[in-house]
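First comes the structure, then the notes that go with it.
The values are calculated or read from the model by the stated rules, or taken from the named source; none is laboratory data. Here the structure is a predicted model, which is why all the values come from computation and not from measurement. Because the Cβ atoms are built from the backbone with ideal geometry, glycine has one as well, and the counts that use them run over all protein chains shown. These area figures cover heavy atoms from the full protein model, side chains too; ligands, DNA and RNA do not enter into them. Shrake-Rupley method; radii C 1.70, N 1.55, O 1.52, S 1.80 Å.
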Amino acid sequence: METIPCVSCGTFFIPRNCKQNYCREPGCQRARKAVWQRYKLKSDEDYRTQQHLSHQKWLQTNPDYYRSYRRRNPDKVQRNRKKCIKNG
Ligand SMILES: [Zn+2]
């Protein structure tokens, strides 16, 4: 089979089948999953509901996650506050 460029990093690789367009690097596989998940969240209501419930459940076992996330990433807090002003 011919080599093709990875959609994520551009490195040429030999695909396992005609559908594979991401190479096997972990970063590229993560990118592929993120694209799939964004599409799935948009198109599949059951998946969206399950992801929401799963997140709620996880949040109950990690109640301080977002508090410490905001402490660790003050730049993100600023960015999100600006977004609220723009959208509100
Ligand atoms: Zn790649």
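What the table shows:
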quantity: Matching residues, the range 4-26, being open to solvent by less than 70 Å² (accessible area, probe 1.4 Å) and hydroxyl-bearing (Ser, Thr, Tyr); calculated: 8, 22
quantity: Which listed residue, of 47, 39, is open to solvent by 100 Å² or more (accessible area, probe 1.4 Å) and either on the phi > 0 side of the Ramachandran plot or among the hydroxyl-bearing types (Ser, Thr, Tyr) (or both); calculated: 39
quantity: Qualifying residue in the range 54-61 (condition: open to solvent by 70 Å² or more (accessible area, probe 1.4 Å) and within 16 Å of the ligand (Cβ to nearest atom)); calculated: no
quantity: Long-range neighbours under 9 Å by Cβ, at least six apart or interchain, first residue within 13 Å of the ligand (Cβ to nearest atom) within the range 16-36, second basic (Lys, Arg) and part of a helix (DSSP H, G or I); calculated: 21/32; 22/32
